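Here's the structure we're looking at; comments come further down.
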Amino acid sequence: ETSYVKFKVKDFSLAQWGRKEIELAEAEMPGLMALRKEYGPVKILKGARIAGCLHMTIQTAVLIETLIELGAEVTWSSCNIFSTQDHAAAAIAAAGTSVYAWKGMNAEEFDWCIEQTLFFGEDRKPLNMILDDGGDLTNMVLDKYPELIAGIKGLSEETTTGVHRLYERMKAGTLPMPAINVNDSVTKSKFDNKYGCRESLVDAIRRATDVMMAGKVAVVCGYGDVGKGSADSLRNSGVRVIVTEIDPICALQAAMEGFEVKKLGTAITEADIVVTATGNKNIVREEHFRALKDKAIVCNIGHFDNEIDMAWLNGAYGNTKIEIKPQVDKYTINGKDVIVLAEGRLVNLGCATGHPSFVMSNSFTNQTLAQIELWTNSEQYENQVYTLPKHLDEKVARLHLAKIGVELEVLDQDQADYIGVTVDGPFKPEYYRY
Ligand code: NAI
């Protein structure tokens with residue numbers, strides 16, 4: 001245990017700016033605001049000490065303040081060294097929450113920040129709930145602080161990569177608490193991963209490079225939910241997009257959407273921009289770097305930085321690296337320049353501000369419902385990975401309709417009987433894929 005530091009942010013004086021943006025975001029986050037109304041008065045999370053590890057953005061600030069309004073105590077770190085918005089962190093610190101996050105920390109500081117969130121307040125009470133994005137907090141608790149496990153009711157996990165780690169633990173029989181997979185709520189992965197990246201990918205490339213998008217050729221590696229949004233983002237900006245895939249179903253989907261589907265080795269020589277979105281490792285490697293055009297841009301929108309072989313690049317050509325500006329670096333490989341964004345870390349949070357509030361409201365309403373479920377009902381769960389029930393998934397969507405002027409049809413009893421559902425839903429069977 002380390003000595004108590006109440007919070008650590010880059011610049012506390014940014015708090016008022018952060019607060020003004022948080023207020024704007026609240027208006028775009030109807031799901032979270034509805035949960036405040038529904039569960040705030042009863043303080044449904046009273047007694048919960050939630051340690052969160054998730055990009056410390058303005059949107060996350062609205063999540064944190066929702067959890068607090070529901071009665072929880074909260075500590076926070078960011079799950080990426082570049083993703084913190086310093087004004088958001090400052091506003092959260094100013095409101096009295098223990099947040100440890102700043103943009104541009106190093107790996108050691110990253111671990112230190114997570115570690116600070118495990119113990120609450122002067123009396124160092126340990127966490128009793130985990131809210132994670134990518135699994136770094138979960139791994140820290142399970143691997144380094146196993147003595148804390150018994151006191152923790154459960155964990156909720158935000159992203160594909162973190163969820164993958166949890167299922168591995170479950171299969172190996174080493175998952176020591178119930179876990180809710182937030183990512184695979186339909187209203188998370190089919191919205192945040194897809195429509196979020198559709199807004200935030202090109203935003204990031206533009207903020208980083210100001211390059212003209214229209215007319216360029218981009219390769220998107222991986223056509224899952226993030227790849228679909230990323231490919232759309234580029235296409236919508238006039239970019240000719242080539243997709244790479246290993247999965248024949250996703251490859252066929254990409255082709256039917258009108259994208260070329262090629263091997264990276266084939267497409268790389270044409271690429272002005274390469275984006276990895278696989279959640280896998282070693283996608284862009286030495287042979288690809290060597291084949292790139294002069295001034296090609298390489299970036300990653302998956303969770304971890306191992307999609308691009310940065311170790312090789314830094315080892316072989318680190319001596320040519322020139323920082324154009326923070327999170328934008330130029331390397332020179334045999335006379336050709338390559339521009340690498342956010343050091344290969346997720347580009348939309350490193351070079352831009354992540355996804356817009358409205359789509360994050362869907363994700364974070366799922367997060368909050370998952371925390372409520374685990375806090376109030378954890379004894380009903382085994383040490384397994386669960387997704388939220390469909391009626392809650394539908395509830396999350398429902399909470400976001402009015403804001404964007406959506407009208408819903410309502411079934412009459414006869415129609416409901418005919419398609420075999422109840423008038424109030426759920427409207428689809430579990431096996432339906434949206
Ligand atoms: P997904 O599983 O839906 O998609 C990944 C796709 O990559 C799959 O279709 C898979 O077949 C393909 N793939 C795997 N290895 C490949 C290879 N060697 N070459 C080409 N394709 C390959 O996962 P999802 O939800 O799209 O997430 C991808 C990553 O993005 C994860 O790390 C996830 O955590 C992260 N993520 C990032 C977000 C952001 O805002 N930056 C938002 C949501 C998720």
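The values are calculated or read from the model by the stated rules, or taken from the named source; none is laboratory data. Bear in mind the structure is a predicted one, so any value in this text is a computation, not a measurement. Counting neighbours? That spans all protein chains shown, and the Cβs are built from the backbone with ideal geometry, glycine included. To get the accessible areas, we keep the full protein, side chains included, count just its heavy atoms, and leave off ligands, DNA and RNA. Shrake-Rupley method; radii C 1.70, N 1.55, O 1.52, S 1.80 Å.
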| Test: I268 is assigned to a helix (DSSP H, G or I), in contact (Cβ under 8 Å) with a residue 24 or more places away in the chain and over 24 Å from H355 (Cα atoms) | yes
| task | Give the residues of segment 410-427 that are open to solvent by less than 100 Å² (accessible area, probe 1.4 Å) and either part of a loop (DSSP other than H, G, I, E, B) or of a type in the set (K, R) (or both), sorted by residue number. | result | L411, D412, G420, V421, T422, V423, G425, P426, F427
| task | Please enumerate the residues belonging to segment 244-257 that are more than 6 Å from the ligand (Cβ to nearest atom) and either within 22 Å of the chain's Cα centre (by Cα) or open to solvent by 10 Å² or more (accessible area, probe 1.4 Å) (or both). | result | P248, I249, A251, L252, Q253, A255, M256, E257
| task | For segment 129-187, enumerate the residues that are part of a loop (DSSP other than H, G, I, E, B), among the aliphatic types (A, V, I, L, M) and buried (at least 24 other Cβ atoms within 10 Å of the Cβ). | result | V182
| Within segment 327-351, how many residues are within 16 Å of the ligand (Cβ to nearest atom), open to solvent by 10 Å² or more (accessible area, probe 1.4 Å) and either outside any loop (DSSP other than H, G, I, E, B) or in contact with a Leu (Cβ under 9 Å, 6 or more places away or on another chain) (or both)? | 5
| query | What's the number of the condition V275 fails, among (1) hydrophobic (A, V, I, L, M, F, W, C); (2) crowded, with 22+ Cβ neighbours inside 10 Å; (3) more than 14 Å from the ligand (Cβ to nearest atom)? | reply | (3)
| message | I'd like the residue in segment 205-243 that is assigned to a helix (DSSP H, G or I) and near the ligand (Cβ under 9 Å from one of its atoms) and, out of all such residues, is surrounded by the most Cβ atoms within 10 Å (Cβ to Cβ). | response | S230
| task | Answer yes or no: is there a residue in segment 416-434 that is touching a residue at least 60 places away in the same chain (Cβ under 8 Å) and either over 18 Å from P30 (Cα atoms) or touching a His at 6+ places or on another chain (Cβ under 8 Å) (or both). | result | yes
| request: Taking A48 as the residue in question, decide whether it is of a type in the set (A, V, I, L, M), buried (at least 24 other Cβ atoms within 10 Å of the Cβ) and touching a strand residue (DSSP E or B) at 6+ places or on another chain (Cβ under 6 Å). | output: no
